[in-house]
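Below is one structure, written out as structure tokens; comments come after it.
The values are calculated or read from the model by the stated rules, or taken from the named source; none is laboratory data. Note that the structure is a prediction, hence the values are computed from the model and not measured. Please note: Cβ atoms are built from the backbone with ideal geometry, for glycine as well, and neighbour counts cover all protein chains shown.
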Amino acid sequence: MKIVVAIKQVPDTATQVKVGGDGKSIETAGITWIVSPYDEFAVEEALRIKEKRGQGEVVAVSLGPDRVKEALRSCLAMGCDRAIHVNDPAWANADTLTTARALAAVIKQEAPGLALFGRQAIDDDAGAVPVQVAEILEWPCAYWVMEETIDAAGKSVRAGRQVEGGLEIFDLPLPAVLSAQKGLNEPRYPTLKGIMGAKKKEIKDLKAADLALTTEAPQLSVVGLEALPPRPPGRIVEGDVQTAVKELVRSLREDAKAI
Amino acid sequence: MPALWCVVEDDRKGTPKKVMAEVIGEATRLNAGAVEAVWLTDKASEEGLRQLGEWGATRVLLAENAALSPYRGEVWTKVLADLAARESPRAILGPVTSRQRELMARLAARLGVGLAADVVALKLDGDKLVATRPVYAGKLLARVTWAKGPWLATLRPNVFRPADAQSGRAAKIERIDVAVPEAKMKLVERKEEVSTGLPELTEAETVISGGRGMKGPENYVILEDMARVIGAAVGASRAAVDAGWRPHRFQIGQTGRTISPKLYLGFGVSGAIQHLAGMRTSKVIVAVNKDPEAPIFKIADYGIVGDLFEVVPALTQEFKKLLEK
């Protein structure tokens, strides 16, 4: 079975992000870039499916500027067979829908049995792209998947999605879209052999024209980006445990009106 | 003027969830069109319909059909898109829930419009709507706007002021026949979690969280005791979840749940960026930690530097005394 895994390169959580000069995007100088953590669950799951079935191909795909090659390279090092880099300056301000259209076009070309995504990218945290791809392709989709099993014939997948208060288990005919939630698996680290081997694997570049897509203005645009307003300074409630606890409860009741 | 739609999230038993008061309240405050509720369900209770009217919905578009249960994104999207094509609403708003997170994104793709997910503020600017949403682990706030309508947005629970219910205020109920398409995906089963008897994490007004300082899974019972006294949900930091002390569904943070309660109490939580991402929009933050340098004290409104194993039982007693009054 062929599996496409879509990934996004995002700033490392621990990196300090600052608003850039345009007031709409972040200052990219000095940022450490990583593969979005949820996407690593998706890559891992794709590799496990291939290993379990003893055959197949895992194709990593990502949309973004030149630096994204590095993220794709780390997916190849984890074990993906090849990669596709959707890289066109026309998509510099792509919103989720534009991104979903581009990725859906790639997936259509590749015609895999399964498309895997992380539940959301940890930069814009929208979580819209996986389901928008499913909607565009008219594929069924299980969102926030905690477990999955593909039947022996490769015709359907049984997936458990996390919902409030439980897990919903669905059968989906393939091809389908799954988005990975934490808990699905524990992603592997690339081995030295994997890292060396990744250098020889193919990363194909695609532009909007290669996908027969016209570039269009985003439907949702950022008009401003700002740092979170600082919280008012807090206070340390002093004294021994009994004194401090009494004073805390009084403050929560009378000052903060939180209890 | 075209209407502002509030897509109803219910308890799967015919009653809208409390978070709908927040969505309807915010839609009303926008003052940008008639506020209407759209309810897709297999069963709507009379009580639920009355509730939507009391919160301020002027009309309820009710699509009641057994084939709408269980929720499947592919089915609901089609039904809602057909309704939107017929009625041309100005905005379609819903709360961030496991269903609507998916539904709204699918709907946006189907209608070819933008979606602002997980917003914490909405503001009308002339004839444009501007939404504010946290990005980059909540370190920054982005203001976004739509190229065209309908404006689709999901609203973070516990952030928007709920509508005051006014008894006697009633919505016009319009029952709609909908064509429900055949779903490709089929529900096999729903595994309910063993109920803790405590509120759901993302919906709770008060959340208690235990971090690495809890020292082990057996100690969470002291937090649960406190939770029962004050009606709180109990969550955990990633460190505690990764250590296997709590199941992942209780994790608060970037790779867990995002919460925004009125009151957050963190015990033995250091306040790693990854945790702050999931709780920094809480209204009041209390932190108890042995380490005075713990980063959580930087964002806490109230802090106690001390041993949580002494503070927690004393605090539970104090809460008990207060609430028994």
Please find, among A:Arg231, A:Arg250, the residue that is of a type in the set (Lys, Arg), at negative phi and assigned to a helix (DSSP H, G or I).
A:Arg250
The range A:9-30 residues that are under 17 Å from A:Gln120 (Cβ atoms) and more than 7 Å from chain B (Cβ to nearest Cβ), paired with ones that are exposed (fewer than 14 other Cβ atoms within 10 Å of the Cβ) and not acidic (Asp, Glu) (beta carbon under 6 Å, 6 or more apart):
A:Asp12/A:Thr32
State whether one or more residues within the range A:189-196 are surrounded by fewer than 18 Cβ atoms within 10 Å (Cβ to Cβ), in the same structural domain as A:Ala104 (by TED's automatic domain parsing), among the small types (Gly, Ala, Ser) and outside any loop (DSSP other than H, G, I, E, B).
yes
Matching option when the condition is more than 10 Å from chain B (Cβ to nearest Cβ), in contact (Cβ under 8 Å) with a residue 40 or more places away in the chain and part of a strand (DSSP E or B), among A:Leu213, A:Leu178
A:Leu178
Just to check your reading of the model, which residue among B:Leu308, B:Leu315 is out of contact with any strand residue (DSSP E or B) (no Cβ under 6 Å at 6 or more places or on another chain), within 17 Å of B:Ser209 (Cβ to Cβ), of a type in the set (A, V, I, L, M, F, W, C) and surrounded by 18 or more Cβ atoms within 10 Å (Cβ to Cβ)?
B:Leu315
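The rows are residues; the columns are (1) under 15 Å from the mean Cα position of the chain (by Cα); (2) not assigned by TED's automatic domain parsing to the domain that holds B:Ile304.
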site	(1), (2)
B:Ser195	no, yes
B:Gly213	no, no
B:Asn219	no, no
B:His248	no, no
B:Gly256	yes, no
B:Gly266	no, no
Taking the range A:102-157 as the region of interest, how many residues are assigned to a strand (DSSP E or B) and under 10 Å from the mean Cα position of the chain (by Cα)?
3
B:Leu187: buried (at least 21 other Cβ atoms within 10 Å of the Cβ) and either assigned by TED's automatic domain parsing to the domain that holds B:Arg86 or in a strand (DSSP E or B) (or both), yes or no?
no
Residues that are part of a strand (DSSP E or B), surrounded by 14 or more Cβ atoms within 10 Å (Cβ to Cβ) and of a type in the set (Lys, Arg): does the range B:130-145 have at least one?
yes
Could you check how many residues of the range B:37-56 are touching a Pro at 6+ places or on another chain (Cβ under 9 Å), buried (at least 23 other Cβ atoms within 10 Å of the Cβ) and either over 15 Å from B:Ala21 (Cβ atoms) or of a type in the set (Lys, Arg) (or both)?
1
Would it be correct to say that A:Lys200 is in contact with a strand residue (DSSP E or B) (Cβ under 8 Å, 6 or more places away or on another chain) and of a type in the set (Lys, Arg)?
no
Residues (more than 13 Å from A:Tyr143 (Cα to Cα) and among the basic types (Lys, Arg)) located in the range B:94-113
B:Arg110
For B:Lys283, which of the numbered conditions (1) of a type outside the set (A, V, I, L, M, F, W, C); (2) within 21 Å of B:Pro134 (Cβ to Cβ); (3) in contact with a strand residue (DSSP E or B) (Cβ under 6 Å, 6 or more places away or on another chain); (4) surrounded by fewer than 19 Cβ atoms within 10 Å (Cβ to Cβ) fails to hold?
(3)
Mind checking which residues of the range B:1-16 are surrounded by 19 or more Cβ atoms within 10 Å (Cβ to Cβ) and touching a residue at least 40 places away in the same chain (Cβ under 8 Å)?
B:Ala3, B:Leu4, B:Trp5, B:Cys6, B:Val7, B:Val8, B:Glu9
Is it true that some residue in the range A:100-117 is under 30 Å from A:Val222 (Cα atoms) and in contact with a Ser or Thr (Cβ under 7 Å, 6 or more places away or on another chain)?
yes
